[in-house]
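Everything below concerns the one structure shown next.
Every number here is computed from the coordinates shown, using simple stated rules; none is lab data. As the structure is a computational prediction, the values presented were derived from the model and not from experiment. FYI the Cβ positions are ideal-geometry reconstructions off the backbone, even for glycines, and counts take in every protein chain you see.
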Amino acid sequence: MGKIAFVFPGQGAQAVGMGKDVYDALPHSRAVFEKGDEVLGFPLSRLIFEGPDSELKQTLNTQPALVTTSAAYLEAIRQHGVNPDYVAGHSLGEYSALVAAGALAYEDAVNLVRLRGRFMEEAVPGGQGAMAAVLGAEREALAELCRSISEAGNAVELANVNCPGQIVISGSKAGVEEAAQRIKEIGGKRAIPLEVSGPFHSSLMKEAAERLAAELGKVTINTPSVPVVVNVNATAVTDPGEIRELLMQQVFSPVLWQDSVEWLIAAGVDTFVEIGPGSVLAGLIRKIDKTVKVVNINSLESAAAGW
């Protein structure tokens, strides 16, 4: 029998009203939202359920909102008794994965990502950084283009290697704009600017990573119940000290999502269960390998149906 991986979405999957169905129907899921409100000291759940969208989109709100909603849907499917062989998350989703594996307490995770969001927003003054999704470019060619632009003085780097033909770049506004203008030189189709508050997963985030490292040092990280396939090196990790170090590095390192999915498939995973709002990861996984089974748990109905 094939193996199962639980995977968790990152920033961009958020939507006002997410998780309200399991909050209303399931006490264990409701308790997650209530605990988040208590830990953070403000009504996060009200912001998630009622908005406004402009406030939910702020990084320091988006990050705890997504971890909370993913944890609530996780509670909704735990009653079915299905356990993963591996867990993974896209960027911020790595914290949800660590909660699922018991490596991080939810209370610690939601507090950490609130701080992580704030540190990332504060690392680069508004308007100085940017990100863009590049379609149709070969990975090595895009990396070389970014290197040449960076060496000329405008930082730009690969930020998310999502799936074949979809890579996000990040860096200074000038660097990202130049790379976007030159995409066709390397056979790419186009670059789409992203609405983000900073150049995430680039070397410009190193100050944020240093601030996060201090906070990571204050929390307990347990040995996970199942291996966590991490963004930084796309391999399975179980050592708490290594997890702590890689969470810090993740802030300024590219998210190797395609590599992570390919590693999981090579390890025998044939069923991916995306837990949390939206279906972004399901789409990426299908573009990486059409033969694997992908299930979305993003509603009360889907949680109840199982798979």
Please list 3J(HN,Hα) in residue order for the stretch 219-234, calculated via the Karplus relation 6.51 cos²θ - 1.76 cosθ + 1.60 where θ = phi - 60°; whole Hz, with x for glycine and proline. 10, 8, 10, 8, 5, x, 5, 9, x, 10, 8, 9, 5, 5, 10, 6
Overall Cα dimensions of the stretch 1-160 - principal axes, largest extent first, Å: 56, 45, 25
Rounded to the nearest whole number, the Stokes-Einstein translational diffusion coefficient of the stretch 186-307 at 20 °C and 1.002 mPa s (Kirkwood radius, C-alpha pairs) in µm²/s is 128 µm²/s
Can you list the HN-Hα couplings for the stretch 48-53, worked out from phi with the Karplus curve (6.51, -1.76, 1.60; θ = phi - 60°), rounded to whole Hz and with x for Gly and Pro? 5, 7, 10, x, x, 4
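Summing +1 for each Lys or Arg and -1 for each Asp or Glu, what net charge is found among the other residues whose Cβ lies under 15 Å from the Cβ of P64?
-3
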Restricting the count to DSSP beta bridges whose residues both fall in the chain, what percent are antiparallel, rounded to a multiple of 5? 55 percent
How many angstrom lie between the Cα centre of the stretch 237-292 and the Cα centre of the stretch 178-227? 15 Å
Dmax and Rg, reported as Rg then Dmax, of the chain (C-alpha, Å): 18.4, 56
If amide hydrogens are placed 1.01 Å from N in the peptide plane, which non-local residues have theirs closer than 5 Å to the one on L92? Q11
Check V255: other-chain or 5+ apart residues with amide H under 5 Å from its amide H, H built from backbone geometry? N160, V161
With T = 37 °C, eta = 0.692 mPa s and Kirkwood Rh from C-alpha pairs, the Stokes-Einstein D of the stretch 129-196 in µm²/s is about 294 µm²/s
Using alpha-carbon pairs under 8 Å, 6+ residues apart, how would you state the relative contact order of the stretch 209-250 in percent? 43 percent
Percentage of interatomic Cα-Cα distances in the stretch 109-249 larger than 21 Å: 48 percent
